[in-house]
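Student: Dropping the structure in here first, questions after.
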């Protein structure tokens, strides 16, 4: 009987612990908070405002006929279409932060005319296609909604109390 009481008390303790510790801490990423990711801005050195580049998909295959546009401070600076080799040329680009859009993909680059940092590239590679999130199923697999968590914990507590109070053993009869 003492072993059974220990198990019942342990179950009640674990159920109470489950209510005290939030379930979100077990997940790698909270579904309720979003943080802005650091935007990586590539430095591109151009000559006379002409930018050369290629367009590929997520598998690395060259993409032909993709419309590419460059915007500077929200206004269209230049546009082009990729050829059969996936190459494009944008001209009349000024110095500054440009948004390059290829299909649905938008990339931010810093264009340098003349003096550029040593890490600056001379060409740009744009990758089109959908970006997959690495933890898209984490909430479905690990996380539970508040209602589900409440029902599970309440059931565990009620089950622990029922098991603890269930005394089917009859007292021994006196001889």
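The values are calculated or read from the model by the stated rules, or taken from the named source; none is laboratory data. If you're wondering where the values come from, they're calculated on a predicted model, not measured in any experiment. Quick reminder, even Gly has a Cβ in these numbers, built from the backbone with ideal geometry, and neighbours come from all protein chains shown.
Student: Looking at 31, 22, which one is at pLDDT 60 or above and surrounded by fewer than 15 Cβ atoms within 10 Å (Cβ to Cβ)?
Tutor: Numbers: 31 fails: at pLDDT 60 or above.
Result: 22 is the single residue among 31, 22 that is at pLDDT 60 or above and surrounded by fewer than 15 Cβ atoms within 10 Å (Cβ to Cβ).
Student: Kindly indicate the residue of the stretch 120-144 that is assigned to a loop (DSSP other than H, G, I, E, B) and within 24 Å of residue 68 (Cα to Cα) and also modelled with the lowest pLDDT among those meeting that condition.
Tutor: Among those residues, the one meeting the criterion is 132.
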